[in-house]
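Below is one structure, written out as structure tokens; comments come after it.
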């Protein structure tokens, strides 16, 4: 699945904040996105992402019908919501002039539970990415190019649509600085902003002497949502078997504790849901597409505490946690527990790019109170002693004298991204089963289309789900399937809806980007096919994308190479004819976890300096999108491995990729006259490997289909 | 000529200083260099760069003989110099505990006049790169891997050699922090450090509470050098003809003034010698290899003043300058003039990465005095009014409230790097004449070697100079020729000396990196050849380097792409077999100016974000160096041009390269079985173009040689 690379680089936002200036300009494209105020999130609600050519009056007429999601409600009701929200501004315990409603939950999650879809509820706009800002007399919603038409349709006339990325469109803070008189109070729910994001916001609105107000104790949208607000998810959690996890919880905790010691810290506060799931070898189903559960985790030198709704914890899980010495506390008590850490003088490791502002500010206030009370911070847990007036920077992170904390990337982030043997085996196995399901699916679809049986993009996605469900260990999709025929394929994050989608035919390209969560692994694959006669233009573009895909797949690079160095390899063949694509080339993928994970990425954005390391998994997904015409993307997942080469200049390791995905690439779309002999060999070798690995899992028609689709390309070069 | 990319990125040092932390870790190599305390400078003195296998006792014995340069003197005398220098530490007007002696002149020049070679005089070490630090009881010299053996040989026993880049070797400031007791005074000559470098140094030694002392009014090494110190260069300057310069001085000044206005500044202080030469369409010969002269330039809204020794200015030049409204003042009066700017309240644009700390601190002190005297800064020149207590940031640079200055990259830097039509024509023409000289030379050398006539590396370089001298408009070499046979070729910046160099034979590779200054252009070319039978290993490595050269040459990229994005293209083919090279791939080149110029570069160091632009010139010089065995480098100069492609995705320009260099690449060294058909075509097309362009300038044997060496490769691929 293609992802805009910015979201894989929380460090970029942090660096931007620390340097007190915006992130470096992104190249080679001018589309500049603010992080994390406007992130690229794939919606789990019933948002209608379809782009259709309708007049705006037609769009307005249809508005009442289009929003079927429980979270969104109808757009006309939105005006009432605005009035109710503004009434709260004046309440003595609130006292603000503006309120910002982002798309986030309290954990910076990509997929969120319905009860946290406050922006969708308030605005009526159900797209996955967007930020609403309401002042006493204005209301504006920021979203990006994927959602302009949908937002136009869903927003009431009281809302101004801010088309992010378009020339001259201000950021949220630029707009607030413009529309508010100097010295206003801008409110946020501090749980919904990472500390870094809140600090960045505070800094940018200070230009106009606005004050950032952390409205505590309540979310104003929840206040007006009232009884109608969906309940928080209560799904049960489960133990992630050691045969898939590879490393037991005590060992993982012991690693974290060694990191605490190395950095002179007494406690680590973790808020990213996939980090908690990975560290505790637990899985859940609180949100769609990711096997995670809502919780926080505090790891101290001799204890560990999971903050979670106890209803979600079965006997099995309880026993599993007890064995690892992990105690339970209610989800809501995280703030008071963080305050307690401050009271006992613990030095706390906080990843300020993910931990929310509510937690950090509670900790800071408690530190301040301690300082005032005692004149200095009291005796610390463990054996260390430190007084707050003699701050010592022991870790590589940023340290604040008054705040007894180290701000640094969570030690779980990198550890989770480097897969162990068991995780790698699970990923490989689940990819083979996924490949079998896909072969069955493509065999079926080809047959249907050739028989002229009309199948819509949604039906096709549903059928794919059926095939996947039959595979062992299948849990759910790893993201909403992007099933785009013809022009719809040119919309990078297209999502068809039953009410409004095309049928897959023989006249154009069909792009299918999908993935699944299995008990032992997570998949993400894109293939583009043509069931009729592709045009020379389509073949040329497809072949150029394929050349980029091959170039990256075959790359060899020295250790310590950041992913952005390799990005050009995937684009060069397109650049040669003046083409390009407006998304990153590769993202990290979790092992039976989130389909998008950091810290590594392969992108034209050079802000992410994380080196690619042995054991990491990345996607390889160059593409090309011809507006209103067709879309092409070819995506495999790759495992980074150490190579055994004839030389190792500099005495260092050289790394390369091993394919995890084994599904044929349609030969019909390849113009072999453009390919070099070695590129032709790559295709033939890949298809031979696909046949060898996947055919044992197939029988009948689908096996025949796989045979036909893995035959060598004719070498037509001279 | 290969260059370590760091020196092309003054912005990196500036950014590092501004962020109060060292530059980002360099990848993929661990060799970390401090800028500009230790820069890669090619020596113009008689330094012996040769690396030979001798025992250290043998080296010590030879020491007295090895240093023949006037600047260096004998090593035993070095001890006396140290004693004299330390005596000065205690003088009341000095009062320091340590003194740092860098290689620089006051203008951050690559090539410097002999009178400024203070580090070489003091230490006896004549290599081009190095920093000496002397305390009351210790003396240490930092240099990099190129010079370890030479430094061992040349330094007296009182000096400790610090092998920069080796594991555990401290930086100069780390060492000072280690060896000095807390709270010492560390002296520098502020003319020899850019403001950024001085600030970085001040910051890093403040960790140990040391104070940086700008020892004004004298250079302590000059004090002990006394009468023996060579005179400052007094060579005449000349007008650079408009037919080569393309744009007249009034137009260039007018552009600078528009930049001043845009940035709200009243004056620009320029100290880079090539910037002054470019802006004034003047050339000089104060230093070897670069046609520049010592001077400073101040451009104000209605005046411009050149600070230069008036002896250097002929009637012609005077008339030329008068026409452009440029006045003359003595070189030494730059500081008092800068103080005068502060007195009249002018806001001054300073490029703190190049302007030295003496100038900036004089300006700052004068600003401070003005503030104290008047309570505020007085009326400014021009029409602008500003008081120092209401500082307004008008430019994109860094501004200091008390210091009425904008710190920003000099506007000349980018303007100079983007060549105009006349400069491009001059570069093309001079490259063809240079190619003719090289064809004659290679024809001669091949003949000599085949006849078994022994020719040393130095004789070969001298002969090449002879051939070049016969070409119209030849002035001098653009850097010291790197003429390396066999193992000597593996020393990236090897420089043979008559006393100690190899003969070019038929048993190994011969690497020749050379260039020339012509009246209309500057050249820089490297070729590697074998006059006997190359080994399969040599052919494999050569072909891999060639593949990298071709990949970069053929690159197409969207506008706004920084050079580092393309660096991987030149390395990929080497990485595939675990090889690499430890230098950047491309540097900027001046038009009848410095052979190394910024701001662009193509390097694995990602700190230089300058976009490659139409009209810029870069070198393309991947290489491979097998220690103690052989070296390979293939270097052409390339002009960046806009391409007319079938598509232009994103509505932007796509750029590519046009070759300027037309000299055959030795076919014997190419293993065609590794090359793709398109790579074979590249070689054949290039050689066809070489023949077409250069053969009309040749006759007789050299024409025959060119014919033989531009024949198509046999296509042996299937």
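Key figures for this structure:
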read-out: Output for the stretch B:633-658, where each listed residue is buried (at least 17 other Cβ atoms within 10 Å of the Cβ) and closer than 25 Å to residue B:542 by Cα; value: B:633, B:634, B:635, B:636, B:637, B:638, B:639, B:656, B:657
read-out: Selected residue [part of a strand (DSSP E or B) and either in the same structural domain as residue A:644 (by the TED database) or surrounded by 21 or more Cβ atoms within 10 Å (Cβ to Cβ) (or both)] from A:528, A:543; value: A:528
read-out: The lone exception for residue A:116 - which of (1) in contact (Cβ under 8 Å) with a residue 60 or more places away in the chain; (2) under 22 Å from the mean Cα position of the chain (by Cα) it fails; value: (1)
read-out: Lone unmet requirement of (1) within 18 Å of the chain's Cα centre (by Cα); (2) more than 14 Å from every other protein chain (Cβ to nearest Cβ); (3) modelled with pLDDT of 95 or more for residue B:531; value: (1)
read-out: Residue count, the stretch B:667-718 (criterion: within 28 Å of residue B:591 (Cα to Cα) and in contact with a strand residue (DSSP E or B) (Cβ under 8 Å, 6 or more places away or on another chain)); value: 2
read-out: Per-region count, the stretch A:552-563, residues buried (at least 24 other Cβ atoms within 10 Å of the Cβ), facing chain B (nearest Cβ under 8 Å) and within 22 Å of the chain's Cα centre (by Cα); value: 0
read-out: Test result for residue B:594, buried (at least 24 other Cβ atoms within 10 Å of the Cβ), assigned to a loop (DSSP other than H, G, I, E, B) and either touching a helix residue (DSSP H, G or I) at 6+ places or on another chain (Cβ under 8 Å) or within 14 Å of chain A (Cβ to nearest Cβ) (or both); value: yes
read-out: Verdict on residue A:607 being surrounded by fewer than 24 Cβ atoms within 10 Å (Cβ to Cβ), touching a helix residue (DSSP H, G or I) at 6+ places or on another chain (Cβ under 7 Å), within 14 Å of chain B (Cβ to nearest Cβ) and not in a strand (DSSP E or B); value: yes
read-out: Residue tally, condition more than 13 Å from chain B (Cβ to nearest Cβ) and farther than 20 Å from residue A:564 by Cβ, over the stretch A:619-628; value: 1
read-out: Subset of the stretch B:84-113 (residues that are part of a loop (DSSP other than H, G, I, E, B) and either over 30 Å from residue B:481 (Cβ atoms) or free of Cβ contacts under 8 Å to residues at least 60 places away in the same chain (or both)); value: B:90, B:91, B:92, B:93, B:94, B:95, B:96, B:97
read-out: Residue B:574, sole failed condition from (1) in contact with a strand residue (DSSP E or B) (Cβ under 8 Å, 6 or more places away or on another chain); (2) more than 12 Å from chain A (Cβ to nearest Cβ); (3) outside any loop (DSSP other than H, G, I, E, B); value: (2)
read-out: Residues satisfying the stated conditions in the stretch A:679-695, i.e. free of Cβ contacts under 8 Å to residues at least 60 places away in the same chain and within 14 Å of chain B (Cβ to nearest Cβ); value: A:680, A:681
read-out: Residues of the stretch B:582-591 satisfying the condition of being at pLDDT 95 or above and within 13 Å of chain A (Cβ to nearest Cβ); value: B:585
read-out: Only one of A:520, A:513, A:507 that is at negative phi, out of contact with any helix residue (DSSP H, G or I) (no Cβ under 9 Å at 6 or more places or on another chain) and more than 14 Å from every other protein chain (Cβ to nearest Cβ); value: A:513
read-out: Residue within the stretch A:158-177 that is part of a strand (DSSP E or B), out of contact with any helix residue (DSSP H, G or I) (no Cβ under 6 Å at 6 or more places or on another chain) and outside the structural domain of residue A:409 (by the TED database) present; value: yes
read-out: Condition met for residue B:584 (surrounded by 23 or more Cβ atoms within 10 Å (Cβ to Cβ), part of a loop (DSSP other than H, G, I, E, B) and touching a helix residue (DSSP H, G or I) at 6+ places or on another chain (Cβ under 8 Å)); value: yes
read-out: Residues satisfying the stated conditions in the stretch B:120-137, i.e. in contact with a strand residue (DSSP E or B) (Cβ under 7 Å, 6 or more places away or on another chain) and in contact (Cβ under 8 Å) with a residue 40 or more places away in the chain; value: B:122, B:123, B:125, B:127, B:129, B:130, B:131, B:133, B:134, B:135
read-out: Complete set of residues in the stretch A:538-547 that are within 13 Å of chain B (Cβ to nearest Cβ) and out of contact with any strand residue (DSSP E or B) (no Cβ under 8 Å at 6 or more places or on another chain); value: A:540, A:547
read-out: Entirely in the stretch A:202-313, the helices (runs of 4 or more DSSP H) that have 2 or more residues that are in contact with a helix residue (DSSP H, G or I) (Cβ under 6 Å, 6 or more places away or on another chain) and not assigned by the TED database to the domain that holds residue A:176; value: A:249-262, A:273-279
read-out: Residue identified as more than 14 Å from chain B (Cβ to nearest Cβ), in contact (Cβ under 8 Å) with a residue 12 or more places away in the chain and crowded, with 16+ Cβ neighbours inside 10 Å among A:698, A:675; value: A:698
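The values are calculated or read from the model by the stated rules, or taken from the named source; none is laboratory data. Because the structure is a prediction, the values reported are computed rather than measured. Methodologically, a virtual Cβ is constructed for each residue, glycine included, from the backbone with ideal geometry; neighbour enumeration extends over all protein chains shown.
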